[in-house]
Amino acid sequence: MATAALTTLDPTSRAASRGMSDLAIRNLFIIPTIVFLIVFNIFPLLYSLGYSFTDFRASGNAAANFVGLQNYRELLNDPYIWANFSITAKYVIVSVVGQVIVGFGTAMLLNRDIPLKGLITTLLLLPMMLSMAVVGLFWKLLYDPSFGIINYALGLGNFEWLANPDMALYAVALTDIWMWSPFVMLLSLAGLSAVPKHLYEAAAIDRAGPIYTFFRITLPLVAPILMIAIIFRTMEAFKTFDLAYILTSQPTTEVISIRLYKMAFQTWETGRSCALAYIMLIMVLAITNIYVKYLNKVKER
């Protein structure tokens with residue numbers, strides 16, 4: 001009976017007058033979406049997977065020759081590739097940890113009755129609404145050793161943020177923290193607003209201190225949604241390209257996405273670049289799987 005209700009329409013409706021059932025209407029909406037995903041997502045994914053087992057070069061007319069796992073073996077044995085992964089890992093840790101600290105800290109400050117709270121929250125969300133190119137060029141001016149406001153504010157003279165091999169990666173990470181901390185803040189605010197107020201009232205009656213309240217009430221209840229923010233930001237930080245490419249060209253900031261770009265569009269090693277892209281995909285999926293397992297454990301507590 002339930003199935004019949006799902007597959008029949010009101011006889012007086014327009015769709016019924018045209019001879020369309022609920023099933024037909026459902027297919028009318030779902031099938032174009034599935035076709036779109038197959039054509040623009042799944043097909044390129046499988047097509048590039050095939051190229052990853054060849055020596056294909058997009059710059060030439062030579063036919064692609066099947067080389068099996070050679071591309072994967074060469075990449076995994078290349079010390080320069082592992083150096084790029086090391087730089088990427090360092091960038092991800094600095095960027096994501098910074099975003100969590102700044103974003104969650106800001107959310108804690110906003111999680112109270114303050115004047116113009118809505119306006120302040122909206123203004124704080126502006127950085128994540130900007131394009132990567134605009135943010136990169138904007139911060140490149142801020143880091144300028146001659147007239148950049150950062151050196152002036154910190155009294156560092158003509159310090160070269162982006163030309164200094166030891167500081168360039170941290171400068172890029174700081175830009176990413178500024179841009180995406182509002183994302184963590186937004187999710188944290190949603191989690192903090194869902195914490196029952198009576199728990200804080202009970203803690204106050206028991207004379208619990210702010211540190212005890214934070215670690216025993218606030219953090220455990222906000223942890224699941226905070227983990228979701230960390231998952232998203234880790235995936236995006238691992239794939240970062242725009243900011244690092246726009247801000248500086250230091251070897252110490254050559255994250256794996258930049259190496260992939262150079263391999264694919266400068267040296268035209270299409271087959272090897274496809275293999276590298278799949279190695280990156282597997283690593284991102286592995287990291288995400290670890291996070292998801294930990295998230296499930298947090299939810300079970």
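Cα-Cα over 30 Å: which of K197/K299; K262/K293; K262/K297; K90/K140; K140/K239; K140/K297?
Going by Cα-Cα distance, K262/K293; K262/K297; K140/K297 fall outside the 30 Å limit.
Give the Cα extents of region 23-69 along the principal axes, in whole Å, largest first.
Rounded to whole Å, the extents work out to 48, 22, 11 Å.
Out of the total accessible area of the chain (probe 1.4 Å, heavy atoms of protein only), what percent is carbon and sulfur?
69 percent
Using the beta-carbon distance between E74 and A163 and R0 = 41 Å, what value does 1/(1 + (r/R0)^6) give for FRET efficiency, to the nearest 0.05?
Calculated transfer efficiency: 0.80.
Which is farthest toward the positive dipole end of the chain among F183, P127, L141, measuring Cα position about the Cα centre, with Cβ charges +1 (Lys, Arg) and -1 (Asp, Glu)?
Selected residue: F183.
Let me understand region 126-254 better: what is its radius of gyration from the alpha carbons, and its Dmax, in angstrom?
19.5, 57
Amide H of T54 versus every other amide H placed in the peptide plane: which residues, excluding those fewer than 5 positions away on the same chain, fall under 5 Å?
Long-range HN contacts for T54: V67.
Rounded to the nearest 0.05, what FRET efficiency do L199 and F29 give with R0 = 45 Å and r taken as the Cβ-Cβ distance? Could you check?
For L199 and F29, the calculated efficiency is 0.55.
Which residues does the label zone of L154 cover in region 173-206, counting backbone N under 17 Å from a point 7 Å along Cα→Cβ?
173-179
When ligands, DNA and RNA are left out and all protein chains stay put, how many square angstrom of accessible area per residue does the chain have with a 1.4 Å probe?
For the chain, the solvent-accessible area averages 61 Å² per residue.
Calculated from DSSP H runs of 4 or more alone, at -39500 (n - 2.57) each and per residue, what is the 222 nm mean residue ellipticity of the chain, nearest 500?
Calculated mean residue ellipticity at 222 nm is -21500 deg cm²/dmol.
So how compact is region 163-202: Cα radius of gyration and Dmax in angstrom?
Values for region 163-202 (Cα only, Rg and Dmax): 17.3, 54 Å.
Students sometimes get this wrong: rank Y294, Y278, Y91, Y152 by accessible area, probe 1.4 Å, all chains present, largest first.
Y152, Y294, Y278, Y91
What is the dipole size for region 30-119, taken about its Cα centre, with +1 at each Lys and Arg Cβ and -1 at each Asp and Glu Cβ, in debye to the nearest 20?
260 debye
I'd like to know which of A153, L76, A264 lies farthest towards the positive end of the charge dipole of the chain, counting +1 on Cβ of Lys and Arg and -1 on Cβ of Asp and Glu.
L76
Can you compute 3J(HN,Hα) from phi for each residue in region 43-51, using the Karplus curve 6.51 cos²θ - 1.76 cosθ + 1.60 with θ = phi - 60°, rounded to whole Hz and x for Gly and Pro?
Karplus-based 3J(HN,Hα) across region 43-51 equals 4, x, 5, 5, 5, 5, 4, x, 5 Hz.
Would you work out the Kirkwood radius for the chain? I mean one over the mean of 1/r across all pairs of different Cα atoms, in Å.
Final number for the Kirkwood radius of the chain is 23.5 Å.
The values are calculated or read from the model by the stated rules, or taken from the named source; none is laboratory data. Just so it is clear, the structure is predicted and the values come from calculations on it, not from any experiment. Every residue, glycine as well, gets a Cβ built from its backbone with ideal geometry; the counts of neighbours run over all protein chains shown. With ligands, DNA and RNA removed, areas are computed over all heavy atoms of the protein, side chains included. Shrake-Rupley method; radii C 1.70, N 1.55, O 1.52, S 1.80 Å.
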